[in-house]
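Peer 1: So that we are looking at the same thing, I have put the structure below in structure tokens.
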Amino acid sequence: MWNPDEHDGIAWPTLAVFDPDGAEIYRMRSRDFADRPNDTDLLDAVRSLTLPPISLDPAGPTAEPVEDRVAFRPDAFGAFFRGMRSGLTGLARRLTNEEDRVEAQALADMASSFLDAWRDRRA
């Protein structure tokens, strides 16, 4: 979603689920670049549609990778998210404000979720 106040209009990360008729049944607009929806909430919205599964052909690269010194490389995902999870878990234990603790732990849980998905993708 458009965010005119963020870096000349960079969008807020947003996920939406639509039913087959085009009606929106789920939307999560992130507060900032680090805020992401819980996988369970998103998957529950998709499952609520009770649609039959579809078969997809295995996806493959559609273009050659381009070296970009500022890009986040897939081979760095594991180390990045393990460090993020560890640091946030430690921070959550030190915070004295309960709301801040919950927020830090939610981000640590998100990192764990990304690590699980990355592991499953590579298996």
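Peer 1: In the range 61-83, is there at least one residue being closer than 30 Å to Asp5 by Cβ, modelled with pLDDT of 90 or more, within 17 Å of the chain's Cα centre (by Cα) and among the small types (Gly, Ala, Ser)?
Peer 2: Yes, the range 61-83 contains at least one residue that is closer than 30 Å to Asp5 by Cβ, modelled with pLDDT of 90 or more, within 17 Å of the chain's Cα centre (by Cα) and among the small types (Gly, Ala, Ser).
Peer 1: Give Ala111, Ala106, Ala79, Ala34 a once-over and let me know the one that is assigned to a loop (DSSP other than H, G, I, E, B), small (Gly, Ala, Ser) and out of contact with any His (no Cβ under 9 Å at 6 or more places or on another chain).
Peer 2: Being assigned to a loop (DSSP other than H, G, I, E, B), small (Gly, Ala, Ser) and out of contact with any His (no Cβ under 9 Å at 6 or more places or on another chain) holds for just one of Ala111, Ala106, Ala79, Ala34, which is Ala34.
Peer 1: Being modelled with pLDDT of 85 or more, β-branched (Val, Ile, Thr) and either loosely packed, with under 10 Cβ neighbours inside 10 Å or out of contact with any helix residue (DSSP H, G or I) (no Cβ under 8 Å at 6 or more places or on another chain) (or both) narrows it down to one of Thr40, Thr50, Thr89, so name that one.
Peer 2: Thr50
Peer 1: Here's another thing I want to ask about it. Take Ala11 and tell me if it is of a type in the set (A, V, I, L, M), in a loop (DSSP other than H, G, I, E, B), within 21 Å of Ala117 (Cβ to Cβ) and within 17 Å of the chain's Cα centre (by Cα).
Peer 2: Considered against the rule, which asks whether it is of a type in the set (A, V, I, L, M), in a loop (DSSP other than H, G, I, E, B), within 21 Å of Ala117 (Cβ to Cβ) and within 17 Å of the chain's Cα centre (by Cα), Ala11 comes out as no.
Peer 1: Can you run down the residue pairs with Cβ atoms below 9 Å, 6 or more apart or on separate chains, where the first is in the range 107-123 and charged (D, E, K, R) and the partner is buried (at least 17 other Cβ atoms within 10 Å of the Cβ) and assigned to a helix (DSSP H, G or I)?
Peer 2: Short answer, once both residue conditions are applied: Asp109/Arg85; Asp109/Leu88.
Peer 1: Asp109 versus (1) over 20 Å from Phe33 (Cβ atoms); (2) surrounded by 12 or more Cβ atoms within 10 Å (Cβ to Cβ); (3) within 15 Å of the chain's Cα centre (by Cα): which is the lone unmet condition?
Peer 2: Asp109 satisfies every listed condition except (1).
The values are calculated or read from the model by the stated rules, or taken from the named source; none is laboratory data. Note that the structure is a prediction, hence the values are computed from the model and not measured. Note: ideal-geometry Cβ built from the backbone for every residue, glycine included; neighbour counts use all protein chains shown.
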